[in-house]
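The values are calculated or read from the model by the stated rules, or taken from the named source; none is laboratory data. From a predicted model like this one, the values you see are computed outputs, not experimental measurements. Reconstructed Cβ throughout: ideal geometry from the backbone, glycine too, with neighbour counts over all protein chains shown. These accessible areas exclude ligands, DNA and RNA; they are computed on the full protein's heavy atoms, side chains included. Shrake-Rupley method; radii C 1.70, N 1.55, O 1.52, S 1.80 Å.
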Amino acid sequence: STLSDFIQHIISQLGSHPVTIPNRVALAVLNRMAEGSLSTEILCMKNRVRDAAILLLSLIELRLDLQYIAIDLTRANKWIDHARENKKPWAVRSQLEEIYLDKNELDAEIAIYRQYSMVKHCNPAGLAFSFPIAVTRDTLQLDLCKENSHWVRIHLFGLGACIHQAGDAASRIWSAQGLNVGSFAVNLKSGTDTLSQYNEEHIVSVLQSLQPAANG
């Protein structure tokens, strides 16, 4: 909802500000992310965790586009002029390497992208993450969870982080173009901080539940 409010706040200013190419691109990408974010939430509510993962990967790619353009606003021209139907304007790997300069952070982002790509491409190496019935030559693994899959928490935590990073990048683009971005980026960070707290509390509770068994 914060993302949608941010978009409306920007649209309300376009009558008195130039609708530059960076403004247009950021608006198009962030609006698609708002649409996809709601769809991801609905899929998670229905426990459709693999379908949610596919959509989340698309949101990650859109977020990377915004972050990449925020580093160099002239890249918005390449994005808006892109006409090749078989590939995106930039390779994801090159985007990640420029956005994440810390090696540990880069390695983590690559691992996340690879993991979610397995679901998108129905890669059998993803096993239960890619298929509700995961098969190998010797095993048959069934995902019988009908609600509250543990992936729901993971997807929604990732979605929150993705929304925050995209909103922050869009805020930098619009601010550089003279638009008033208000406190939306700060509010998005606050929401992510709350999600991080919930996630940390969940991890602690899981570790505490395993402690008696370990002691036994």
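Some points to look at:
- Shape of region 92-161 from the C-alpha gyration tensor: oblate (a/c of 1.5 or more and a/b not above b/c, with a ≥ b ≥ c the square roots of its eigenvalues).
- Listed pairs Lys120/Lys189; Lys46/Lys103; Lys78/Lys120 exceeding 30 Å between Cα atoms: Lys46/Lys103
- Helical contribution to [θ] at 222 nm, DSSP H n ≥ 4, -39,500 (n - 2.57), averaged over the chain, rounded to 500: -23500 deg cm²/dmol
- Aspartates and glutamates with Cα under 14 Å of Lys87, excluding same-chain neighbours fewer than 8 positions away: Glu61, Asp65
- Most fluctuating residue given options Ile203, Ile173, Ile60, as computed from a GNM of the chain linking Cα atoms under 10 Å: Ile203
- Region 1-125: C-alpha gyration tensor shape, a/c 1.5 cut-off, then a/b vs b/c: oblate
- For the chain, a Gaussian network of Cα nodes joined below 10 Å ranks Ser12, Ser149, Ser39 by mean-square fluctuation, and the top entry is Ser12.
- Helix screen, the chain: DSSP H segments with Cα axial length of 24 Å or more and mean Kyte-Doolittle hydropathy at least -0.5 are 21-45, 49-71, 150-176, 184-215.
- Theoretical FRET efficiency, 1/(1+(r/R0)^6), r = Cβ-Cβ of Tyr198 and Thr136, R0 35 Å, to 0.05: 0.50
- Gap separating the Cα centres of region 81-114 and region 1-68, nearest whole Å: 18 Å
- Listed values (i) 19; (ii) 22; (iii) 30, entry calculated as percent of Cα pairs over 30 Å apart: (iii)
- Across the chain, C-alpha contacts under 8 Å between residues 6 or more apart give a mean separation that, scaled by the residue count, equals a relative contact order of 29 percent.
- Within the accessible surface of region 91-212, defined with a 1.4 Å probe on protein heavy atoms only, the carbon and sulfur portion equals 58 percent.
- Once the 1.4 Å probe is applied to the protein heavy atoms, region 132-216 comes out at 65 Å² accessible per residue.
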